[in-house]
Amino acid sequence: MIETSPKKQRTAAIAGIIGLLCLLFYIRACEKPLSRLVLDPSGGADGTQPLVMQGGDPYIRALMRTISASEANVAHPYSVIYGGDRVSDLSNHPQQCVTIVNGPNMGNCSTAAGRYQMINTTWFEKAKRYHPQPFEFMFWQSYSFEAEFQDAVVYAWLSDAGAWGVNISELLRQGKINPVLRRLSGTWTSLGYGIENNSMSSKLPRIYQQMLKEELKASG
């Protein structure tokens, strides 16, 4: 019988742990059927389909739909990546870096993805703080990028007065949508005050008012 050295034993143990983590990640990714990942709600104008998440402050919900009208104005916003392609696996942020073909950042690439076009570093930073169901195993964490979690993370972020230096919900209740959009434009540059306005930017205050009517009605 040949004895195994402590170094080889440690290497084998580490390899075993890595293998287990890979297996757990695969199981995590396959927990929900593909159809769940690619189906988004229908209805709404200007890319403002209803949110997947249920409940919450109707003012923040209306703001979230307004942001997506500018950032992901497509029929299936939760699965879209920068450039317009869609992904089917939302078990985690796609992290696909797509070349930017115009604008001030032309030539760079963007990992922006989902309804709120969050780049991977922003997603991991905010998910670590706001994700309601992180998957954790020892020192390893994973954050599902499925539709309900995109909504949940952005909702919690917008509701956190400490993150923005103001109470966004209160400002919206006071009818101050333009100051709110201005404050958020450093994060979402298409909101009318950033460096990458688009055809939707000037329409956003009007879109917000329509979204607010829908959300207030739905909340009773």
Exercise for review: Could I have the simple spin-label model distance between residue 195 and residue 99, label points 7 Å from Cα toward Cβ, reported in nm to one decimal?
Suggested key: 2.1
Study note, to complete from the structure: Once residue 182 and residue 213 are pulled to full extension, the length gained, defined as 0.36 nm per residue separation minus their Cα-Cα distance, is 9.0 nm
Study note, to complete from the structure: The simple spin-label model distance between residue 88 and residue 202, using points 7 Å out along Cα→Cβ, in nm, is 4.1
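All of the numbers you see were taken from the coordinates with simple rules; none came from a lab. Given the structure is predicted, the values throughout are model-derived calculations rather than measurements. Reconstructed Cβ throughout: ideal geometry from the backbone, glycine too, with neighbour counts over all protein chains shown.
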